[in-house]
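Below is one structure, written out as structure tokens; comments come after it.
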There are 2 protein chains.
Amino acid sequence: MFMKDHVIKQARRAKEASRVLALIPVEIRNKALLAMADALEAQQDEILEVNAKEVEAVKEKGKRLNMLDRLILTPKRIKDMADGIRQVVNLDDPTSKIDFEVTRPNGLKIRRVRVPFGVVGIIYESRPNVTADAISLCIKSGNSCILRGGSDVVRTNKKIVDIMKAAAAENGIPSTAIEFVGILDRDVIVVMCRLRKFIDVIIPRGGAGLISRVIEHSTVPVIETGTGICHTYVDKSANQDMALKVCINAKTSRPSVCNAMETLLINKDIAEEFLPKVAKAMIDAGVELRGDEACLKICPEMKAAEEIDWETEYNDLILSVKIVDDVDAAIEHINQYSSAHSDAIITEDKDNAVKFQSVVDSANVYVNASTRFTDGFEYGFGAEIGISTQKLHARGPMGLEALTTMKYLIDGEGQIR
Amino acid sequence: MFMKDHVIKQARRAKEASRVLALIPVEIRNKALLAMADALEAQQDEILEVNAKEVEAVKEKGKRLNMLDRLILTPKRIKDMADGIRQVVNLDDPTSKIDFEVTRPNGLKIRRVRVPFGVVGIIYESRPNVTADAISLCIKSGNSCILRGGSDVVRTNKKIVDIMKAAAAENGIPSTAIEFVGILDRDVIVVMCRLRKFIDVIIPRGGAGLISRVIEHSTVPVIETGTGICHTYVDKSANQDMALKVCINAKTSRPSVCNAMETLLINKDIAEEFLPKVAKAMIDAGVELRGDEACLKICPEMKAAEEIDWETEYNDLILSVKIVDDVDAAIEHINQYSSAHSDAIITEDKDNAVKFQSVVDSANVYVNASTRFTDGFEYGFGAEIGISTQKLHARGPMGLEALTTMKYLIDGEGQIR
């Protein structure tokens with residue numbers, strides 16, 4: 001009960017602050033952001049000290065090394081965080097834009113303006129850079145934020161938040177516009193997800209487990225991000241050299257990220273020729289292959305794929321492979337198993353390309369390119385809050401505008417209906 | 001269990017049909033819509049017969065007359081339904097528009113296109129015109145729909161759906177793109193709200209009870225519509241003649257609709273002068289007044305308002321009235337109690353107008369006009385799926401575009417990252 005009351009109090013404070021924040025000009029928000037960046041660098045020793053202790057404790061618990069790496073801060077990483085904030089300062093203000101304007105025959109003037117959401121709830125896992133990132137994107141877009149990070153580096157995150165809150169307060173931004181939920185009890189997530197009165201949108205950033213927990217419990221609207229079961233289909237007409245190059249890139253250039261390929265689909269008419277080539281290249285790159293029956297006939301060295309493989313985001317050097325009859329069968333597989341993040345076709349057949357892009361029901365649909373390009377920076381948006389895999393509000397890489405909603409302002413002279 | 005399986009089957013069929021529908025050109029969708037309109041008129045006798053029996057049964061249950069009126073169909077109302085469909089035909093196709101296009105330095109061509117959601121779930125109460133309305137808006141925007149209407153006129157709704165399905169099928173639209181859930185068990189709503197695999201968005205259309213039930217249970221994203229606790233604040237500087245005229249209009253021109261005023265806030269400095277005038281006019285118009293203590297001192301003939309009054313959408317000739325210190329107090333009251341639909345200030349003070357429009361956190365914020373104008377047709381959108389009171393995806397009156405999402409199409413020549 002205490003826990004619940006405490007979170008409600010924080011969310012209420014954030015909501016109240018959001019009313020003030022909505023009236024603060026972007027120049028002041030930018031100035032405060034620059035001060036936050038400077039403060040993080042100036043106080044890096046304090047952050048590093050807290051972080052080193054927490055990382056030590058996690059080490060003792062015996063976490064995997066690649067998990068551990070995400071928790072560790074260094075002077076270089078703190079500088080990157082600060083520079084990230086400075087980049088956000090340089091972006092256009094996403095608020096106050098009028099995107100529709102009309103004067104009706106009765107004289108009513110109607111304007112539609114982009115405005116901040118109010119309070120953005122961000123529930124994330126351990127990485128401390130998300131803390132600085134989320135705060136800067138929210139403040140830039142005129143939103144209060146309430147953050148709940150993972151338990152491993154909770155004190156590191158708290159320290160980052162405290163430094164940023166202090167810099168905000170000194171520069172005309174209410175410090176309560178930034179609230180950090182330090183309670184480790186996982187039930188706190190459920191409490192946050194039901195505070196419709198104070199939190200306007202929840203953005204979970206993390207694995208599929210976190211995201212489905214949030215969706216299950218939330219009555220606050222959710223923007224889902226990041227789960228990536230991405231496919232590449234190599235069509236009969238594909239330029240096979242291109243296909244090979246693109247597939248290797250999509251799988252191996254950074255296997256831990258959401259836009260990496262998890263399943264390769266190959267047209268049956270080229271499978272005998274293409275599969276051995278791609279299998280060899282993948283194995284040479286350290287990739288474990290799991291194929292369907294038809295694959296195993298051609299490449300018996302592959303492991304057998306099970307149903308669960310088609311549903312898995314490996315985030316690792318593992319690839320499931322399936323041979324399909326044609327583009328329709330590829331599309332059907334993708335629409336059944338894809339997380340609707342990014343899927344690609346490699347083809348020289350224009351009709352198949354158009355069909356694939358029309359019918360595959362994913363946020364980003366590629367022809368002849370690696371799925372690895374799905375990214376706010378690669379698309380030219382300058383910053384990214386995440387990659388939405390849902391259809392409401394935002395889909396694909398989300399720029400700052402995704403943190404705003406709209407509002408109709410109607411000016412009259414006493415009109416009645 | 002049977003019920004659940006049946007609904008799942010319907011939703012799956014609708015999803016499959018949506019893949020086909022997404023490829024059908026707008027000319028064919030329009031032709032099918034015209035055929036649906038004609039078929040409703042041609043078969044009006046069958047509809048009227050079913051409807052008369054159901055209305056008779058409802059009468060026997062002793063429903064209130066204004067409830068009953070919403071269920072009754074007449075030849076004129078069927079003609080209006082058909083004409084409504086014909087109007088939708090004349091609207092621009094909201095799909096296939098490219099709203100962002102860029103060629104990146106690496107040669108990747110990125111296009112963002114508007115595409116149908118896929119399957120739209122509409123859960124509504126009794127009015128049969130919603131059935132034809134929802135189907136036409138969904139088909140026009142390339143979406144399948146799965147409808148669940150109220151129990152009072154379930155057979156009327158089913159008849160309308162059957163006629164429209166047949167006309168669709170004869171004109172190149174899969175009849176399974178239109179699914180009607182005829183199961184009366186209210187648990188079916190919960191089942192629908194959790195079919196994330198097959199339903200892309202749920203739009204509840206009805207009272208606050210229905211909407212909160214959907215929000216509570218849904219894991220499918222929801223667009224909330226229609227709850228209207230609308231306020232008008234009469235500022236110290238208001239032109240009181242204008243204020244009087246606007247308030248009477250906002251309350252009495254159509255009290256049953258969502259954009260009608262439910263609470264009147266009056267600045268304390270003009271209350272002694274303005275309240276008696278507006279109270280008399282309201283009482284003359286048959287409005288029951290419920291005031292706070294300060295109101296009762298000036299107009300002892302008013303009933304005393306209780307806390308629940310500020311939270312109630314009367315949809316009736318009842319008005320709650322409160323005297324407030326200033327524009328800030330008015331904004332605070334509104335941000336606490338408004339359903340974020342439509343709120344107005346009557347003022348001659350530009351600063352107060354700007355502050356009110358900036359800080360009131362509602363979809364439609366008026367200066368010197370009646371809240372009754374919040375409506376797709378009044379805004380010039382030509383059709384309306386509902387009025388969104390939420391901040392994600394759509395806010396305010398929703399035109400056809402609100403039934404679409406977007407998709408990034410990326411064309412390359414073998415680019416890797």
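Magnitude of the charge dipole for the stretch B:230-373, about its Cα centre and with charges confined to Cβ atoms of Lys, Arg (+1) and Asp, Glu (-1), is about 540 debye.
With bins 10 Å wide beginning at 0, the percent of Cα pairs of chain A falling in each bin runs 5, 20, 26, 23, 16, 8, 2, 0. Within the shell of other residues whose beta carbon sits under 9 angstrom from the beta carbon of B:Arg29, the net charge comes to 0, with Lys and Arg scored +1 and Asp and Glu -1.
Between amide H atoms placed 1.01 Å from N, distances below 5 Å from B:Val321 occur with B:Leu264, B:Arg290, B:Gly291, B:Asp292, all of them 5 or more places distant or on a separate chain.
Placing unit charges on the Cβ atoms only, positive for Lys and Arg and negative for Asp and Glu, gives the protein assembly as shown a dipole magnitude near 340 debye about its Cα centre.
For chain A, the longest principal axis of the C-alpha atoms and the axis of helix A:128-140 are separated by about 60°. By the beta carbon rule, with partners counted only under 4.7 Å, chain B holds these lone Cys residues: B:Cys193, B:Cys230, B:Cys247, B:Cys258, B:Cys295, B:Cys299. Close amide-amide hydrogen proximity is noted between B:Ile178 and B:Cys145, each under 5 Å apart and 5 or more residues distant or on a separate chain (H modeled in the peptide plane; Pro and chain starts excluded). Report the Stokes-Einstein translational diffusion coefficient (µm² s⁻¹, integer) for the stretch A:122-169, Rh taken as the Kirkwood radius over Cα pairs, at 37 °C with viscosity 0.692 mPa s. Reported coefficient: 305 µm²/s. For the pair the stretch A:172-205 and the stretch A:341-409, the centres of their Cα atoms are 28 angstrom apart.
Here each label is just a point 7 Å from Cα along the line to Cβ, and for A:Glu311 and A:Asp80 those points are 3.5 nm apart. Only lysines eight or more places from A:Lys61 in sequence, or on another chain, were considered; those with a Cα closer than 24 Å are A:Lys53, A:Lys158, A:Lys159. With only the Cα atoms considered, the stretch B:267-417 has a convex hull volume of 179 Å³ per residue.
Using just the helices of the protein assembly as shown, give the 222 nm mean residue ellipticity in deg cm²/dmol: DSSP H runs with n ≥ 4 each add -39,500 (n - 2.57), and the total is spread over all residues, rounded to 500. Calculated mean residue ellipticity at 222 nm is -13500 deg cm²/dmol. Between copies, the label points of A:Glu348, set 7 Å from Cα on the Cα→Cβ line, lie 7.8 nm apart, reported in increasing order to one decimal in nanometres. Taking the square roots of 5 times each eigenvalue of the Cα gyration tensor of the stretch A:1-158, largest first, gives ellipsoid semi-axes of 37, 19, 13 Å. Each residue of the stretch A:218-347 gets 104 Å³ once the volume of the Cα convex hull is shared out per residue.
Put simply, the Cα atoms of the stretch A:139-236 extend 62, 29, 28 Å along their principal axes, the longest span coming first. Across the stretch B:100-110, rounded Karplus estimates of 3J(HN,Hα) from the backbone phi angles (6.51 cos²θ - 1.76 cosθ + 1.60, θ = phi - 60°) give 7, 8, 7, 10, 7, x, 7, x, 5, 9, 10 Hz, Gly and Pro being marked x. Pairwise Cα distances in the stretch A:211-275 exceed 13 Å for 68 percent of all pairs.
Among residues other than B:Asp349 with Cβ under 14 Å from its Cβ, the summed charge is -4 (Lys and Arg +1, Asp and Glu -1).
The phi-based Karplus calculation (6.51 cos²θ - 1.76 cosθ + 1.60; θ = phi - 60°) puts the 3J(HN,Hα) values of the stretch A:42-51 at 5, 10, 5, 4, 4, 5, 4, 5, 4, 4 Hz, whole numbers, x for Gly and Pro. Looking at the stretch A:312-417, the GluC sites (Glu not before Pro) that sit in a DSSP loop and have at most 14 other Cβ atoms within 10 Å of their own Cβ are A:Glu348. If only the Cβ of Lys and Arg carry +1 and only the Cβ of Asp and Glu carry -1, the dipole of the stretch A:293-417 around its Cα centre is close to 440 debye. Computed from Cα atoms, the angle from the helix A:75-89 axis to the main principal axis of chain A rounds to 70 degrees.
Compared with the dominant Cα axis of chain B, that is its longest principal axis, helix B:350-359 is turned about 50°.
Placing a label point 7 Å from Cα along the Cα-to-Cβ axis, B:Gln240 is separated from the same position in the other copies by 9.0 nm, shortest listed first.
Extension gain for A:Ile8-A:Glu60 works out to 15.3 nm (0.36 nm per residue, less the C-alpha to C-alpha distance).
Taking all C-alpha pairs of the stretch B:103-189, those more than 20 Å from each other amount to 40 percent. For the stretch B:41-95, the Stokes-Einstein estimate of translational diffusion at 37 °C and a viscosity of 0.692 mPa s comes to 254 µm²/s, using the Kirkwood hydrodynamic radius over alpha-carbon pairs. Across the options A:Met282, A:His341, A:Gln10, the greatest Cα extent toward the positive end of the charge dipole of the protein assembly as shown (unit charges at beta carbon of Lys, Arg, Asp, Glu) belongs to A:Gln10.
If you take the alpha carbon atoms of the protein assembly as shown and fit the smallest convex hull around them, that volume is 173 Å³ per residue. Over the C-alpha trace of the stretch A:152-307, radius of gyration and Dmax come out as 23.1, 68 angstrom.
Using C-alpha pairs below 8 Å separated by at least 6 residues, the relative contact order for chain B is 18 percent. Dividing the Cα radius of gyration of the stretch A:260-322 by its Kirkwood radius returns 0.92 for Rg/Rh. Amide H contacts of A:Lys97: A:Arg114, each under 5 Å away and 5 or more positions distant or on a separate chain (H built 1.01 Å from N in the peptide plane; Pro and chain starts excluded). Toward the positive end of the charge dipole of the protein assembly as shown, with +1 on the Cβ of Lys and Arg and -1 on the Cβ of Asp and Glu, the farthest Cα among A:Thr263, A:Ala57, B:Gln390 is that of A:Ala57.
Kindly flag which residue pairs out of A:Lys140/A:Lys407; B:Lys236/B:Lys322; A:Lys350/B:Lys15; B:Lys280/B:Lys322 have an alpha-carbon separation exceeding 22 Å in this structure. From the list (A:Lys140/A:Lys407; B:Lys236/B:Lys322; A:Lys350/B:Lys15; B:Lys280/B:Lys322), the Cα-Cα distance tops 22 Å for A:Lys350/B:Lys15.
Only the coordinates and a few stated rules stand behind these numbers; no lab work does. What you are looking at is a predicted structure, and each value in this text was computed from that prediction instead of being measured. Here the Cβ is made from the backbone with ideal geometry for all residues, glycine too, and neighbour counts use every protein chain on show.
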